[in-house]
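Below is one structure, written out as C-alpha cells, with a few remarks after it.
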Protein chains: 4
Amino acid sequence: MILKLSCPDRPGLVATLANFIAVSGGNILEMSQFTDPIEKWFFIRVHIEIEDSEAKRRSVVDTFESLGRSIGAEWEFRLPHERTRTAILVTKAAHCLQDLLARTYAGDLPLDVAAVLGNREDLAPIAERYGLPFCHLPIEKENKGPAFERYQAAIEESGAKLIVLARFMQILPPDFCAAFQGRAINIHHSFLPAFVGANPYRQAFKRGVKIIGATAHYVTSDLDAGPIIDQEVARVEHYHTPEDLIRLGRDCECLALSRAVRFHADDRVIVHGNKTIVFRD
Amino acid sequence: MILKLSCPDRPGLVATLANFIAVSGGNILEMSQFTDPIEKWFFIRVHIEIEDSEAKRRSVVDTFESLGRSIGAEWEFRLPHERTRTAILVTKAAHCLQDLLARTYAGDLPLDVAAVLGNREDLAPIAERYGLPFCHLPIEKENKGPAFERYQAAIEESGAKLIVLARFMQILPPDFCAAFQGRAINIHHSFLPAFVGANPYRQAFKRGVKIIGATAHYVTSDLDAGPIIDQEVARVEHYHTPEDLIRLGRDCECLALSRAVRFHADDRVIVHGNKTIVFRD
Amino acid sequence: MILKLSCPDRPGLVATLANFIAVSGGNILEMSQFTDPIEKWFFIRVHIEIEDSEAKRRSVVDTFESLGRSIGAEWEFRLPHERTRTAILVTKAAHCLQDLLARTYAGDLPLDVAAVLGNREDLAPIAERYGLPFCHLPIEKENKGPAFERYQAAIEESGAKLIVLARFMQILPPDFCAAFQGRAINIHHSFLPAFVGANPYRQAFKRGVKIIGATAHYVTSDLDAGPIIDQEVARVEHYHTPEDLIRLGRDCECLALSRAVRFHADDRVIVHGNKTIVFRD
Amino acid sequence: MILKLSCPDRPGLVATLANFIAVSGGNILEMSQFTDPIEKWFFIRVHIEIEDSEAKRRSVVDTFESLGRSIGAEWEFRLPHERTRTAILVTKAAHCLQDLLARTYAGDLPLDVAAVLGNREDLAPIAERYGLPFCHLPIEKENKGPAFERYQAAIEESGAKLIVLARFMQILPPDFCAAFQGRAINIHHSFLPAFVGANPYRQAFKRGVKIIGATAHYVTSDLDAGPIIDQEVARVEHYHTPEDLIRLGRDCECLALSRAVRFHADDRVIVHGNKTIVFRD
C-alpha cells in the first residue's frame, strides 16, 4: 500500500508512523519524507508491504483513522500498481494525447484511460486507433455553462479520478475547477510564470528569449496559476521561427505532462498551498 | 579581421560581400549568416584572413565605407584576439566578479579589465588579488544623479568599451543607459521575463517553480527588458529553500553572464530591435 | 534548392560559390559554412531561391558539374521540402517507431515512409494504424545472409533513400552496411562510446553512472562506431532500477533519433571521415 | 547530528531507528532512505535534532553501538555544519582549485581547507591569495614511491579528512589509494566510462561525440574506475576545436567536482560496492 500524508510538524512523527506500520504487520519498503522548515509542515510517502488480503488492508486503513486525526493530518491510502482511471480532454493538437497513449500502452504510465473528450472532432481517429471511446462535446462561445456541465457529467460517468487537459484550448469555469480540484492536470505551453495567457510561443518569440519551456500544473480557477508539478525547457536560437518554437515546445510539453501525470498516478505529489511536494522516482 | 554587419535583405548580398573580400585580397575563414524571414533583415559575421599590415587593414575599412552605405548597412570591423577593454560594476555579491576574473586570467575571456567599480567596498580585496584598481563610488539613495555621473566619468577615463554589471544592485538612470547602449551587459537573477524586479529567487520560491534561471541582457532604460543575450537554468526541488535557490542560481548567473560577455567580446552578437542574433562558437 | 558541398579548403571558395549562384539567377536564402582548421576542409550548405522550373534547376545542376570538379568537391543538390523516402527497420521495441510516425504525421519530420520492416511481427499493428505496409522478414540465427538479402531487396523495391534502424536488434552484415553507407541511421541506447555492445542500460546500471544517454549514428560495418549525428542524455539517481534506466532512456532514444533523422532529411548533415558536420536548425 | 547508515535489509528497520532516536530524546528533522531491491540492502541518512551538549551526543553515539552491531550495519555520526578538513592536490590547471576556494569562501562548501599540495609550483599564488599554505612536493618520474610517502605524511600532518584531486595529473600508487579509501575524490575530465586514461578531450574530439562530460569519483587503485559520485555534461558542435572542448569541459569539471565535494562533506554519500547512494539536497 501507499500512504501519503501531510500534517503540522511535531517531534516523533516518523517513529509514530513507523511503529503503527510495524504493529500492523507491515514492512516499510520505501519512505520519502520532507519537513518544510518555514511552514513547519510534515510530508511523507510510505510504500508499505503488507499481507495481501482485502480484509487486512481494510483493517489497516480503518485503524489508522484515529491516529491520522490525532496528528491533524490529511492522508490517503492506495494500492500501488492500481491504475488510475483517467479522462483526457483535447482540442486539436495531437502530440500530448498521442504521447500519453503511447506511454500508457508501452507500460510506462499506470493509467486506465476511460475516455477522450474533445470540443472538436479532429483527434477522434487517434482515440479510435487505441480502441478508446471518443466523445465529441462542442463548446459554444456564447454559452459555455451547459457544455461544461456535459463535460462534468461525462467525466463522472466514466469513473475517471484524474482529468488530463492535453492541450485543451478552453478556459475552464470556476465550478468545473472546483469539482476536480487536485485531480485535474493541465499543460501550459510556456515556462510559467512567464507568458501566461494566449499564444505563449509567439510572446516568447517577440521577447527574444533564449530558452522556452512548458509547465504541468494542477488546474485552479486562477488561470495558469495553479500549483506547478513539473517543468521542462529547450534552448532556442535566433534562427528559430515561431513555428520552430512550437515544434521544440511540443517535446517540452510531452515530457513535462507525462512526468506530472506519472508522479500523480504514482501518488508522488502532495499539494500544499499553491506548491507541490514531488517525491520523484 | 572580423566584419559584423546587418542590413535590409536583398538578393546577392553574400556574393557582394564575398567579392569585396576576395578583391581586397582577403580570405574568408569563417562566415555565419542569418536572414530574418519575417523582418527581411540580413545579418552576417565574417572572419577574414588578410595581410597583416595596419595600412592594408585601414585601406579595407576605408574602401568598405561606400559599399556598406549603398546597402543601408550598420557594420563594424575589428581585429580578432583584440582584447575588449572592460569595466566591471559590482556591489556585494562576489561570484560573478570572481568568475569573470578567473576566466579572464585562465585565457577564456578576451577581456582587458580596466577597472572594478563598486558602490560598496566589499569586493575590493578580490580586485586587489588580481592586481586591478578598485574604485569605490558610493551611491546615496536620495541623490543618485551625481553618483552616476562619477561612474560615467570613471568608465570613460578607464577607456572601457564594455561595461559589465556583475550583480550591481542599482537601478540605472536613463542617461547612463543611453550613454552605454549596446555595450553594457547586466545579469538578472531570474529566468526573464519571469520575476522581474527585486528578490527574484524569493518570488520563484513563493511561486513554487521547478526550474530557476538567470538572464544576461543588454541594459536599456526599460528595467529588465533589454535584449537577451543568453540564459541558463537549473532544476529545483520542493526541499530547496530560498537560500538553496540563491546558491543554485549563482552557477546559472556565472554561466549565462560569462557566455554573454564572451560572445560580445568576440563580436558574435548583433542587436536588432529588442532581440539579439548570437553567432555562437 | 539545397546545395551541400565539401572540398579541400582554398581561398575564395565562398565568393566562387556565391558568384555561381548569383550568375545562375539564384538568391542565397541561408548559408551555413564551416572550415575545419585542422583538416583544412571546407563544408557548406546553401539554401538557394531560384525560378521554380524543372528546366532551370536541371540547368543549374548541370552547369555546376565542372565547377564542383575543379575544386575537388563532393556535392549534392536537392529540392527543399522534398520528402525523403524512408524504410524503418524494427524488432520489438515500439517507442522509436511510434515517435517517428507521430512526428511525421504531425508534419515535424519531412519523411515519406515507404515501409516498415521487422524481423518479428510485434509492431505490425502500429504500422497498420498509420496505413503503412509492414513487411515481416524473419532472420534465422544460423543463416543471416539470405535474410539480409531479402531486406536489401525490399528496401530497394520500396524506393527508400534513407534507412532508419529504430531499435532493430540485429548486427548488420558488412555488405548490407556498405550498400547503404551514409544513408542508414541507427539509434544506440547508450552514450557512445561508453557501453558498446549488448544491454547498455544494464552495463550503465552496474557501473553506477549518474547520467545515461542515447546516440544516433550512421551505420558502418564497425559496430557502434559509425559517425555520430546526435546524442541525448538523462540524469539518473541511485534509486533507479535497470527498468527505470530503460524507461528514461526511451525518451533519449526518441529525441536523439528523431533529431538525427530530421537533420539528415533536411540535408543538414555532411559526413567527413568518421565525424559529422551538422548545420542545426 | 547526522547519522549515515547502511546494512542488510530486514523488516522494521525504520521503526527501530526512529524509536532509538525518539527514546534518546532526539527529533528527526529530515530522513532520506533507500532500499536496494536487488542487493536487499538498506541505506539511510537522518538529520537528528538533539539537546546541544557534548555529553548528550556522546551518550547517543555510545548507546547506538550495540544496536548498530545487532543489525550488521556500517554507520557514522557527525555534527552538521562541522566543516570537513580538506587537502587539495593540484598540478597546473587552476580552474578546479579556484572554483573550490571561491565556493568555500562564499559559504557554499563546508570545507576547512588545511593545505594545497602541488607537484608543480604554478598554483602557489592562488593558494596564497586565499591565505592558504601551499606545499610544493615534486614527483620524479623514475621514483614516485618516496614522493607519495611525502604526500601522505603532509596530508596526515594537516589533519585532512578529505582529499580532493583537483586536476592532479599523477597516477596514484595502490598504497596511497588504500590509505585514503572512501575519502579521496578525483575529477576525471571525461564522461566516464568513455575515454578513460590520458587526453580525454582529444579522444572525444577524434571520436566526434556531440556531448562531452566530467566525472567526480572516489579514488580506487583501479584507475578511473572508482565509485562515481556525480557527472556533468555539455553539448559540443562540429566547429568546436579540441581547445574549445577543454574550455567547455572546465565548467563541467568545476560543477561535478564541487557538487561531489559538497555531497561528501554534508554526509550525503554512501559507498556500496562500486556504486554510490547520493541523498541530494
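The values are calculated or read from the model by the stated rules, or taken from the named source; none is laboratory data. In this text the structure is predicted, and so the values were computed from the model without any measurement. Cβ sites come from the backbone with ideal geometry, for glycine too, and all protein chains shown count toward neighbours. The area values use the complete protein model at the heavy-atom level, side chains included, leaving out ligands, DNA and RNA. Shrake-Rupley method; radii C 1.70, N 1.55, O 1.52, S 1.80 Å.
Worth a mention:
- Over 23 Å (Cα to Cα) - which of B:LYS4/B:LYS40; C:LYS56/C:LYS275; A:LYS275/D:LYS40 fall in this group: C:LYS56/C:LYS275; A:LYS275/D:LYS40
- Lys, Arg +1 and Asp, Glu -1 on Cβ, resulting dipole of the range D:2-78 about Cα centre, debye, nearest 20: 120
- Relative contact order for the range D:72-164, counting Cα pairs under 8 Å that sit 6 or more residues apart, in percent: 35
- Measuring between their Cα centroids, the range D:166-203 and the range B:152-224 lie 40 Å from each other.
- Alpha carbon centroid spacing (whole Å) that separates the range B:71-121 from the range C:1-66: 38
- Label zone at A:GLN181, where the point sits 7 Å out along the Cα-to-Cβ direction: the range A:266-280 residues whose backbone N lies under 18 Å: A:270-277
- At least 40 Å² accessible surface lost relative to isolated chain, residues of the range B:179-215 (1.4 Å probe): B:PHE191, B:PRO193, B:PHE205, B:ARG207, B:LYS210, B:ILE211
- Acute angle (nearest 10 degrees) that the helix B:242-265 long axis makes with the longest principal axis of chain B, alpha-carbon atoms: 20
- A straight Cα-to-Cα reach below 15 Å connects A:LYS141 with the aspartates and glutamates A:GLU149, residues fewer than 8 places away in its own chain not being considered.
- Per residue solvent-accessible surface (Å²) - chain D, probe of 1.4 Å: 40
- Over chain D, Cα pairs under 8 Å with separation of 6+ residues give a relative contact order of 15 percent.
- Considering only C:THR241, C:ILE155, C:CYS177, and ranking their Cα positions along the charge dipole of chain C that arises from unit charges at the beta-carbon of Lys, Arg, Asp and Glu, the one farthest toward the positive end is C:THR241.
- Per DSSP, loop trypsin sites (Lys or Arg not before Pro) in the range A:29-107 with at most 10 further Cβ within 10 Å: A:LYS40
- Crossing angle, helix B:13-23 versus chain B [Cα axis fit, 0-90 degrees, rounded to tens]: 70
- Placing a label point 7 Å from the Cα of B:ARG83 along the Cα-to-Cβ direction, the residues of the range B:231-267 whose backbone N falls under 20 Å from that point are B:258-267.
- Using a 7 Å projection from Cα along Cα-to-Cβ, the label point at D:PRO8 is separated from the same position in the remaining copies by 4.4, 7.1, 8.4 nm, smallest value first.
- Annotation for B:GLU128, label-to-label distances across the other copies: 1.6, 8.0, 8.1 nm (shortest first, one decimal, point 7 Å from Cα along Cα→Cβ).
- Charge tally in the Cβ shell below 15 Å around A:GLN152, where Lys, Arg are +1 and Asp, Glu are -1, A:GLN152 excluded: 0
- Interface C-A: total buried accessible area of about 1500 Å², 1.4 Å probe, protein heavy atoms only.
- Heavy-atom accessible surface of the range A:2-78: percent carbon and sulfur, 1.4 Å: 50
- Size of charge dipole - chain A - debye, nearest 20, with Cβ of Lys, Arg +1 and Asp, Glu -1, no other charges: 560
- Unit charges on C-beta of K, R, D, E only; dipole of the protein assembly as shown, Debye: 0
- The angle separating the long axis of helix C:95-105 from the principal Cα axis of greatest extent in chain C is about 40 degrees.
- Relative contact order for the range C:2-78: 45 percent, from Cα pairs under 8 Å spaced at least 6 residues apart, divided by residue count.
- For B:ASP52, label point 7 Å along C-beta direction: distances to other copies, nm: 5.2, 6.5, 7.8
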